[in-house]
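Step one of this worksheet: look at the structure below.
The values are calculated or read from the model by the stated rules, or taken from the named source; none is laboratory data. All values reported here derive from a predicted model rather than from experimental measurement. All Cβ positions, glycine included, derive from the backbone under ideal geometry; neighbour counts span all protein chains shown.
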């Protein structure tokens, strides 16, 4: 039987990324994403819900997320769903799903989202080039 574990999310960071390092000196960053959904219910009223997801990235991805992103910034991530389980300090068993990020793309511009963090036009930056008019298309 074939298997597929692929997650694609676009949302806003719920908190500043938290960077740490494994004993092997591999960078690890943890952050939360919030995705909003709006729809019209059967009663005709507009409804809204927010889904919160914890995410984790490793290596250069982790360093770039920590360097360029902060709470409130929009982000598109691709990754896989992972399941973590542990024993809490009180002895109870705990577990949760999270997304392990394998790639990401910045959404929007740095000036409109967070003037406190510096932005470069380098890794993962979405293009902000103006769109061509239909008269400019050669076909």
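With the structure loaded, tell me whether residue 61 is at pLDDT 95 or above, surrounded by 15 or more Cβ atoms within 10 Å (Cβ to Cβ) and not in a strand (DSSP E or B) or whether it fails that test.
Values: at pLDDT 95 or above: yes; surrounded by 15 or more Cβ atoms within 10 Å (Cβ to Cβ): yes; not in a strand (DSSP E or B): yes.
So residue 61 passes the test.
Within the range 76-113, track down each residue that is touching a helix residue (DSSP H, G or I) at 6+ places or on another chain (Cβ under 8 Å), crowded, with 18+ Cβ neighbours inside 10 Å and modelled with pLDDT of 95 or more.
101, 104
List the residue pairs whose Cβ atoms are under 9 Å apart, where the first residue sits in the range 36-62 and is in contact (Cβ under 8 Å) with a residue 24 or more places away in the chain and at positive phi, the second is surrounded by fewer than 11 Cβ atoms within 10 Å (Cβ to Cβ) and part of a strand (DSSP E or B), and the two are 6 or more positions apart or on different chains.
Filtered contacts from the range 36-62: no entries.
What are the residue pairs meeting all of these: first residue in the range 89-109, first residue part of a loop (DSSP other than H, G, I, E, B), second residue modelled with pLDDT under 95, Cβ atoms under 8 Å, and 6 or more apart or on different chains?
The qualifying pairs are 107/126; 108/126; 109/119; 109/128.
Have a look at 31, 52 and point out the one that is in contact with a strand residue (DSSP E or B) (Cβ under 8 Å, 6 or more places away or on another chain), in a strand (DSSP E or B) and buried (at least 17 other Cβ atoms within 10 Å of the Cβ).
Being in contact with a strand residue (DSSP E or B) (Cβ under 8 Å, 6 or more places away or on another chain), in a strand (DSSP E or B) and buried (at least 17 other Cβ atoms within 10 Å of the Cβ) holds for just one of 31, 52, which is 31.
If a residue must be in a loop (DSSP other than H, G, I, E, B), surrounded by fewer than 15 Cβ atoms within 10 Å (Cβ to Cβ) and touching a strand residue (DSSP E or B) at 6+ places or on another chain (Cβ under 8 Å), how many such residues does the range 1-15 contain?
So the first thing to find is which residues in the range 1-15 are in a loop (DSSP other than H, G, I, E, B), and the list is 1-6, 14-15.
Still in the running and surrounded by fewer than 15 Cβ atoms within 10 Å (Cβ to Cβ): 1-6, 15.
Narrowing further to those that are touching a strand residue (DSSP E or B) at 6+ places or on another chain (Cβ under 8 Å): 5-6, 15.
Final tally of qualifying residues: 3.
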